[in-house]
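Asker: Have a look at this one.
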Amino acid sequence: MSTEIKSATKKLSKTRFWIILILCIIGMLLSIELSYIFYKTNFLSNFAPSFCSISNLIDCDGVAQTSYALTFGVPNALWGIVLYLLFIFLLFVDKIQEKFKNTIFDVFENPRSYIATIGLISFCLSMVLAGISIFKIDKICVLCFCVYFVNFFIALTANSKGLFYQDIKTTIIDFIKGAKKYFILFIIVLIAFIGTLVFIDKSMVFSPKLKKEKQMKEFYEAKTNKYAIKGNVLGKENALVKINIYSDFNCPFCKIVNIMLHKAAKDKNVLVQDINFPLDTSCNHKIGSTLGGHENSCLYARYAIAAKKQGQYWGAANVLFYNNPSTPDEIIKEFKKAHLNLDINQLNYDANSPDTYAQLENEINKAASKGINGTPVIEIEGIQYLGALPYDDLIQKIDLAHKRALIDKR
């Protein structure tokens with residue numbers, strides 16, 4: 001190799017060439033380690049803390065689990081690997097040009113300027129991430145900060161002179177010239193690149209845990225049940241998979257599961273049955289005491305059962321979950337607002353009839369006989385799951401139950 005490396009407008013000295021190459025290797029190794037940290041914190045349920053997670057503030061694992069660890073759905077660590085591969089390519093592009101003359105590689109006329117410009121841009125973006133880390137996340141990833149300064153030193157080493165003005169200007173001019181020369185190819189590559197990023201961002205393939213959190217927000221933050229139905233049948237009456245949900249109308253997690261099951265009933269071949277288990281000792285003597293906020297749970301359950309006798313169980317259930325009336329008169333008022341078209345006199349009679357009390361007691365006893373003492377409990381073909389499952393997990397369990405049902409049917 002000659003004393004002058006033929007790269008970056010043929011002005012990059014041998015010393016600067018090796019400094020940039022060494023910095024790229026360091027940055028690559030740091031990015032690979034950060035990629036591994038991202039992988040284990042986002043794809044593994046149990047993992048050993050990383051060596052750089054030593055406190056609430058210095059916590060690489062914590063940073064890797066936030067949405068700020070990704071840009072356009074791609075982990076920042078993977079962007080780092082791509083960045084250093086690009087730098088290395090630009091360092092050796094003159095050798096590639098010598099081997100492949102009169103090809104697309106000839107558009108890289110001033111690699112040194114490109115390295116300086118891209119390095120500066122990556123460092124500026126790094127400073128934004130550093131600010132987010134310090135002021136938004138309240139956690140610092142020391143390896144990330146090392147990468148930030150690697151980017152800065154690469155840009156500084158490649159800089160021609162002044163405050164990067166000439167390098168930025170040269171990069172922009174060359175980019176426009178190259179895009180014009182290979183316009184069709186440029187458009188095809190640009191569309192493919194943007195399309196890939198959109199797919200990755202929407203599918204969240206690199207962040208399954210964040211994907212589950214995002215999916216759960218639909219249910220946790222819902223003000224109404226957009227999948228709500230009216231009537232007594234949720235799902236398909238002849239479905240292979242039967243789901244029992246043991247719930248309380250004043251249970252916040254039951255409200256979440258209620259939406260999930262309504263969505264599942266639209267997505268899957270299931271039949272959902274609600275079994276009342278009010279956490280209220282005025283009707284439920286299987287529990288020790290009434291939980292705070294559940295004082296009207298027995299009242300709600302009786303009116304839901306009464307509405308079921310007029311074919312409006314799920315319509316009434318959704319009203320009770322989301323409006324929290326405190327008296328029979330308020331319940332009737334909310335039912336009218338929801339246009340359930342109930343015979344109010346009959347509803348009041350049924351809600352207070354011995355038959356309804358007996359039916360509610362039977363539901364409570366059925367739940368207690370299965371060891372249930374809290375809500376919500378989802379029972380899919382006899383297998384119980386406590387609490388609000390992530391929707392994907394719920395669907396997986398329904399699919400498994402469906403496969404078992406098909407096998408048993410043969």
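Asker: For region 6-111, what is the Kirkwood estimate of the hydrodynamic radius, computed as the reciprocal of the mean inverse distance between distinct Cα atoms, to one decimal in Å? Don't skip to the answer; put the middle values down first.
Answerer: On the way: mean 1/r = 0.0625 Å⁻¹.
Every distinct Cα pair counted, the radius reaches 16.0 Å.
Asker: In which sequence would THR327, THR41 go, from the one with the fewest C-beta neighbours within 10 Å to the one with the most? List each step's numbers first, then the result.
Answerer: Numbers: THR327 10, THR41 21.
Ordered by Cβ neighbours within 10 Å, fewest first: THR327, THR41.
Asker: So between ILE344 and PHE92, what do we pick up on full extension, going 0.36 nm a residue minus the alpha carbon distance?
Answerer: 82.5 nm
Asker: Using the count of nearby Cβ atoms within 10 Å as a rough guide to exposure, how do LEU320, LEU299, LEU210 rank from fewest to most?
Answerer: Ascending Cβ contact count within 10 Å gives the list LEU210, LEU299, LEU320.
Asker: Report the Rg/Rh value for region 212-265, based on alpha-carbon coordinates and the Kirkwood definition of Rh.
Answerer: On the way: Rg = 11.8 Å, Rh = 12.2 Å.
Here Rg/Rh amounts to 0.97.
Asker: By how many nm would the segment from ASN352 to ASP329 grow when fully extended, if each residue of separation counts as 0.36 nm and the alpha-carbon distance is taken off?
Answerer: 6.9 nm
Asker: Please compute one quarter of the surface area of the Cα convex hull for region 225-409 and express it in square nanometres.
Answerer: Orientation-averaged projected area of the Cα hull: 10.1 nm².
Asker: Among all the lysines, which ones have a C-alpha under 18 Å from LYS336's C-alpha, if same-chain residues fewer than 8 places away are not counted?
Answerer: Correct list for LYS336: LYS230, LYS308, LYS309.
Asker: Another one. Tell me, what is the FRET efficiency for LEU400 and ALA368 to the nearest 0.05, using R0 = 30 angstrom and their Cβ-Cβ distance as r?
Answerer: With a Förster radius of 30 Å, E is 0.65.
Asker: Run through every distinct alpha carbon pair of the chain and return the Kirkwood hydrodynamic radius in angstroms, one decimal place.
Answerer: Here the Kirkwood hydrodynamic radius works out to 26.2 Å.
Asker: Can you compute the helix-only [θ] at 222 nm over the chain? Use -39500 (n - 2.57) per DSSP H run of at least 4 residues, normalise by all residues, nearest 500 deg cm²/dmol.
Answerer: -19000 deg cm²/dmol
Asker: I'd like the orientation of helix 313-323 relative to the chain: the angle between its Cα long axis and the longest Cα principal axis, in ° from 0 to 90, rounded to 10.
Answerer: The two axes meet at around 60 degrees.
Asker: Over what distance in Å are the Cα centres of region 231-259 and region 173-191 separated?
Answerer: Using only Cα atoms, the two centres lie 55 Å from each other.
Asker: Here's something else I'd like to know. So if the hydrodynamic radius of region 14-206 is defined as the Kirkwood radius over C-alpha pairs, what does Stokes-Einstein give as its diffusion coefficient at 37 °C and 0.692 mPa s, in µm² per second?
Answerer: It diffuses with D of about 181 µm²/s by this estimate.
Asker: For the chain, modelled as a GNM with alpha-carbon contacts under 10 angstrom, which of GLY292, GLY387, GLY131 fluctuates the most?
Answerer: Ranking GLY292, GLY387, GLY131 by mean-square fluctuation puts GLY292 first.
Asker: Helix 252-267: angle to the longest alpha-carbon principal axis of the chain, degrees 0 to 90, nearest 10?
Answerer: In the chain, helix 252-267 runs at an angle near 80 degrees to the longest axis.
Asker: Separate question: Test of understanding: extend the Cα→C-beta vector of LYS286 to 7 Å, then name every residue of region 364-405 with backbone N under 12 Å from that spot.
Answerer: So the set is 364-375, 377.
Asker: OK, next. D for region 121-228, whole µm²/s, Stokes-Einstein with Kirkwood Rh over alpha-carbon pairs at 4 °C and 1.567 mPa s: what number?
Answerer: In µm²/s, the coefficient is 71.
Asker: Normalising by the residue count of the chain, find the relative contact order in percent from Cα pairs under 8 Å and 6+ residues apart.
Answerer: Relative contact order of the chain: 15 percent.
Asker: Could you please report the charge total around ILE256, scoring K, R as +1 and D, E as -1 over all other residues with beta-carbon less than 12 angstrom from its beta-carbon?
Answerer: Details: positive: LYS217, LYS255, LYS263; negative: GLU218, GLU221.
With Lys, Arg at +1 and Asp, Glu at -1, the neighbours total +1.
Asker: Neighbour counts of other C-beta atoms within 10 Å: give me TYR349, TYR68 arranged from fewest to most.
Answerer: Listing TYR349, TYR68 from fewest to most nearby Cβ atoms yields TYR349, TYR68.
Asker: Can I ask one more? Against the longest alpha carbon principal axis of the chain, how many degrees, from 0 to 90 and to the nearest 10, is the axis of helix 297-308 turned?
Answerer: Its long axis makes an angle of about 80 degrees.
Asker: When the Cα centres of region 20-39 and region 40-72 are compared, how far apart do they sit, in Å?
Answerer: 16 Å
All of the numbers you see were taken from the coordinates with simple rules; none came from a lab. Computed from a predicted model, the values in this text were never measured in an experiment. We place every Cβ from the backbone using ideal geometry, glycine too, and count neighbours over all the protein chains shown.
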